Amino acid sequence: MKAAVYYDKGDIRYEEVALPMIGPDEILLKVKACGLCGTDIHKALDRLVSPGTVLGHEIAGEIVEVGREVKGYAAGDRIYAAHHVPCFTCHHCRRGAYSLCPQFKRTNVEPGGFAEYIRIPALHVQHTIGKLPAQVSDEQGAMVEPVACCLHGFEKIDFRPGASVLIMGAGQIGCIQIQLARHFLASQIIVSDLNPFRLQKALEFGADYAVNSATHDLETEVMEITAGAGVDVVIISAGVDALLPQAINVLNRGGTVLVFAPFSGRQVSIPAARFFQDEVKIVGAYSSNPYHYPTALQLLSSRIVDAEKMITHRFSLAELPTAIACAHHPSGQVIKVMIKPEQEEGNAVGTVSAGE
Ligand SMILES: [Zn+2]
Ligand SMILES: [Zn+2]
């Protein structure tokens, strides 16, 4: 079978790899759609994974073979699949922080979603897959994992109806968060980004205000919109460390900052006086856990999160390098990119910005 294998920055090869063999309690899945996640791009461009890795974890497909001990699934079933499984028994799991479980990142499907077929190990069969109803497309199914991650974030900050929210970054994650904030009855949704296309999309997904932080001072704008109060929630969905102090500056008293993007690890300074007197909070959220997937599927199936509207680009497996360049382009007209192993090369869907 074919897979898109990462070797180095700028070196992803579309090549022949062995078809995975399944055990008695495992599933062989034909991948129909795999979403390109911001973290895939981060891993490929910042050399965070070892050569030979097949990335891709937002997966939907059709089962071609089930092991004899697998119950509840059969060949022909369409399913979504996520990549990490917590142990449910360690210190972090018992405290409900499943994505911090030491087993979590060690578990994965084989070889990864950017392949024609994947082996779904027994633990995943038990915890991270689910059937797709007929009205849910493969592409919607491939959005279960990212929607689950966003749900995890909203859960961690105990998002309440009536909260005003600033979402920093209107990429694929920001656009899911806008739709969730709308669904969870946010009073005001402000979105900031540097890219005019994404800001326009943000408005289409239900943002009340879209602020271009390249041309406008974000703090001034947010204070003006909220009549000087600041917002109750800031969600940082762009991996820029400098956004953290800015987020705290526009936070209402009692407000929460949710950090939902990888930062570089650089030190930033924040106004510490705000914690005691104003009871502000900074909360991080990483990935999702098995309990989020059925809810995420419901949100997609009911179109509360409109996956079809988010997908701007579709590429074949061989075109993964182009897909990454396209998604990474700062002024690209891109929200969500899908990799379709069955799509023929040269039939990419979506505008590929000049200079790529
Ligand atoms: Zn992801
Ligand atoms: Zn655990």
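One table, with the values for the structure above:
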read-out	value
Under-5 Å amide H pairs with Val191, H placed in peptide plane, nonlocal only	Ile167, Tyr209, Ala210, Val211
Sites matching trypsin sites (Lys or Arg not before Pro) across the range 225-290 that sit in DSSP coil, with at most 11 neighbouring C-beta atoms within 10 Å	Arg266
Karplus (6.51, -1.76, 1.60) ³J(HN,Hα), θ = phi - 60°, over the range 73-78, in Hz, Gly and Pro reported as x	10, 9, 3, x, 5, 9
Set of the range 279-308 residues, backbone N closer than 13 Å to the point 7 Å along the Cα-Cβ line of Lys105	286-287
Extent along principal axes [Cα atoms of the range 158-284; Å; largest to smallest]	38, 31, 25
Projected area averaged over orientations for the range 280-356, convex hull of C-alpha atoms, nm²	7.9 nm²
Cα centroid of the range 71-102 to Cα centroid of the range 267-342, whole Å	20 Å
Net lengthening on full extension, Val349/Tyr14 (0.36 nm per residue, minus Cα-Cα)	118.7 nm
Footprinting exposure proxy for Val352, Val334, Val147, Val234 (fewest neighbouring C-beta atoms within 10 Å first)	Val352, Val334, Val147, Val234
Ellipticity estimate at 222 nm from DSSP helix runs (n ≥ 4, -39,500 (n - 2.57)) divided over the chain, nearest 500	-7500 deg cm²/dmol
Nonlocal amide H pairs with Val234, under 5 Å, H built at 1.01 Å	Leu166, Thr256, Val257, Leu258
Packing-based order for 89-99, 297-307, using average beta carbon neighbours within 10 Å, highest first	297-307, 89-99
The chain, relative contact order [Cα under 8 Å, separation at least 6], %	17 percent
Residue-wise HN-Hα coupling along the range 308-317, computed from phi with Karplus coefficients 6.51, -1.76, 1.60 (Hz; x: Gly, Pro)	4, 5, 7, 6, 9, 9, 9, 10, 6, 4
Per-peptide average of other Cβ atoms within 10 Å, ordering 47-59, 75-87, 213-225 highest first	75-87, 47-59, 213-225
Cα Rg, Dmax, the chain, angstrom units	20.2, 63
Debye equation applied to the C-alpha atoms of the range 223-264, log10 I(q)/I(0) at 0.33 Å⁻¹	-1.11
Volume of the Cα convex hull of the range 104-150, divided per residue and given in Å³	104 Å³
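Read the figures in this text as sums done on the coordinates, not as results from a lab. Predicted, not measured: the structure shown is a model, and the values here were computed from it. In this analysis, Cβ positions are derived from the backbone assuming ideal geometry, glycine residues included, and neighbour counts consider all displayed protein chains.
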